[in-house]
Amino acid sequence: MNLQENIQRIREMMITEEMVQSDAWKSIKKTLDILKEKKKVLILSCSNRYNWDDKNLDIPKSKMIAMYLNDELKDSVLIDVSELNIVPCEGNVSRKDGNSCGLLKSMLKDKKKNPSGDHRCWASYNNPKDELWKISKELFESDAVIFFSSVRWGQTNMFYQNLIERLTWIENRHTTLGESNLVENIETGFICVGQNWNGETVSETQKKVHEFYGFKPNNDLYWNWQYTKNVNDETQKSYKASHSKFIKDTKLPEEK
């Protein structure tokens, strides 16, 4: 089954009014209602999955929600962060000679990649193949951004963590350099999916992170789905059951 067929099945399943609505479905519906009021929404999916069979796609749970929201919104952009070449943060925020993150001289000098002139990141400057610009360019044109991540070992996965670290220059610009806050009018959300540990805490932590960065967190756009609260449940039976439980709770279709 290809991507478009999956999207169509997601839509058909989620608009079926006879279904008993779960709390997860209510969260999805509330999220959609809020985002429909926005002019442009940036959806950032940060979960990955290796597919052994192109005819039987295994889509990450959080990405399934992201795909559905993107398909239902009139003006949105969905970016799969795991497919971009985003190099690691260089740590220039804490150099021994001081904080050089987000300085004007670190501006990415490429009108196509940085039309606003606001992308200032040494890692982008020093690595021509870096693709963070594909996110920042859309971000500065949006009035809402929703981050999606899986929870791995009690924390956000590496793709999300790498992304949020690489956006440090946005926060540094107004907190340390005393310049304007580029994202003060951009509403944020964070939706994560995990198996058995720490999902609620992860979501709350990221809300605080986004607030500190200068975004406008919307409480109703921060939520998580977790299969069980039994942190010691590492059985194969549990992992297999979590997928069907996720489908049941969210009313998303199970891939065939």
So, first residue more than 11 Å from Val183 (Cα to Cα) and among the hydroxyl-bearing types (Ser, Thr, Tyr) in the stretch 201-217, second residue modelled with pLDDT of 95 or more and open to solvent by less than 40 Å² (accessible area, probe 1.4 Å), Cβ within less than 6 Å, six or more apart or across chains; the pairs are Ser203/Phe190; Ser203/Cys192; Ser203/Tyr222
Restricting the first residue to the stretch 23-43 and requiring it to be under 9 Å from Leu69 (Cα atoms) and open to solvent by less than 50 Å² (accessible area, probe 1.4 Å), which pairs with a second residue that is assigned to a helix (DSSP H, G or I) and β-branched (Val, Ile, Thr) meet a Cβ separation below 9 Å and a spacing of at least six or different chains? Ile28/Ile65; Ile28/Thr250; Thr31/Ile65
Pairs where the first residue, in the stretch 244-256, is closer than 12 Å to Ile59 by Cα and of a type in the set (D, E, K, R) and the second is in a helix (DSSP H, G or I) and modelled with pLDDT of 60 or more, C-beta under 6 Å, 6+ apart: Glu254/Ile247
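Residues that are in contact with a Phe, Trp or Tyr (Cβ under 7 Å, 6 or more places away or on another chain), among the small types (Gly, Ala, Ser) and either without any contact (Cβ under 8 Å) to a residue 24 or more places away in the chain or within 12 Å of Arg166 (Cβ to Cβ) (or both): does the stretch 106-124 have at least one?
Residues of the stretch 106-124 in contact with a Phe, Trp or Tyr (Cβ under 7 Å, 6 or more places away or on another chain): 106, 108, 113-114, 116, 118-121, 124.
Next cut, among the small types (Gly, Ala, Ser) only: 106, 116, 124.
Subset that is either without any contact (Cβ under 8 Å) to a residue 24 or more places away in the chain or within 12 Å of Arg166 (Cβ to Cβ) (or both): 124.
Looking for residues that are in contact with a Phe, Trp or Tyr (Cβ under 7 Å, 6 or more places away or on another chain), among the small types (Gly, Ala, Ser) and either without any contact (Cβ under 8 Å) to a residue 24 or more places away in the chain or within 12 Å of Arg166 (Cβ to Cβ) (or both), one finds at least one in the stretch 106-124, hence yes.
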Restricting attention to the stretch 154-168, does a residue exist that is over 30 Å from Glu234 (Cβ atoms), open to solvent by less than 30 Å² (accessible area, probe 1.4 Å) and among the β-branched types (Val, Ile, Thr)? yes
For the subset of the stretch 132-173 comprising residues that are among the basic types (Lys, Arg) and in a helix (DSSP H, G or I), which member is farthest from the chain's Cα centre (by Cα)? Arg173
Can you go through Lys229, Lys207 and tell me which one is assigned to a loop (DSSP other than H, G, I, E, B), on the phi < 0 side of the Ramachandran plot and charged (D, E, K, R)? Lys229
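Of everything in the stretch 48-63, what is in contact with an Asp or Glu (Cβ under 9 Å, 6 or more places away or on another chain) and closer than 12 Å to Ile191 by Cβ? Give them in sequence order.
To start, the set of residues in the stretch 48-63 that are in contact with an Asp or Glu (Cβ under 9 Å, 6 or more places away or on another chain) comprises 48-52, 56-59, 63.
Of everything in the stretch 48-63, just one residue is in contact with an Asp or Glu (Cβ under 9 Å, 6 or more places away or on another chain) and closer than 12 Å to Ile191 by Cβ, namely Lys63.
If we keep just the residues of the stretch 83-112 that are polar (S, T, N, Q) and open to solvent by 40 Å² or more (accessible area, probe 1.4 Å), which is nearest to Thr175 (Cα to Cα)?
Ranking the candidates gives Asn99 first.
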Mind counting the residues in the stretch 44-60 that are more than 20 Å from Gln195 (Cβ to Cβ) and either modelled with pLDDT of 95 or more or open to solvent by less than 40 Å² (accessible area, probe 1.4 Å) (or both)? 2
If we ask which residues in the stretch 217-243 are open to solvent by less than 40 Å² (accessible area, probe 1.4 Å) and of a type in the set (A, V, I, L, M), their number turns out to be 2
Within the stretch 123-153, restricting to residues that are in contact with a Gly (Cβ under 9 Å, 6 or more places away or on another chain) and over 15 Å from Val81 (Cα atoms), the one that is surrounded by the most Cβ atoms within 10 Å (Cβ to Cβ) is Val151
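Quick one: in the stretch 174-202, of everything that is part of a loop (DSSP other than H, G, I, E, B) and small (Gly, Ala, Ser), which residue is nearest to Leu42 (Cα to Cα)?
So in the stretch 174-202, the residues part of a loop (DSSP other than H, G, I, E, B) come out as 176-186, 195-198.
Checking the rest, the ones that are also small (Gly, Ala, Ser) come to 178, 180.
On the way: Gly178: 27, Ser180: 22 Å.
Among them, the one singled out is Ser180.
Has the stretch 134-145 got at least one residue that is touching a Cys at 6+ places or on another chain (Cβ under 9 Å) and under 30 Å from Lys26 (Cβ atoms)? Break it down stepwise before answering.
Taking the stretch 134-145 first, the residues touching a Cys at 6+ places or on another chain (Cβ under 9 Å) are 136.
Subset that is under 30 Å from Lys26 (Cβ atoms): none.
No, the stretch 134-145 contains no residue that is touching a Cys at 6+ places or on another chain (Cβ under 9 Å) and under 30 Å from Lys26 (Cβ atoms).
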For the stretch 67-105, how many residues meet the condition of being within 23 Å of the chain's Cα centre (by Cα), in a loop (DSSP other than H, G, I, E, B) and charged (D, E, K, R)? 3
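The values are calculated or read from the model by the stated rules, or taken from the named source; none is laboratory data. Values in this document were obtained by computation on a predicted structure and should not be read as measured data. Glycine also receives a Cβ, built like all others from the backbone with ideal geometry; neighbour counts cover every protein chain displayed. For accessibility, only protein heavy atoms count, side chains too; no ligands or nucleic acids. Shrake-Rupley method; radii C 1.70, N 1.55, O 1.52, S 1.80 Å.
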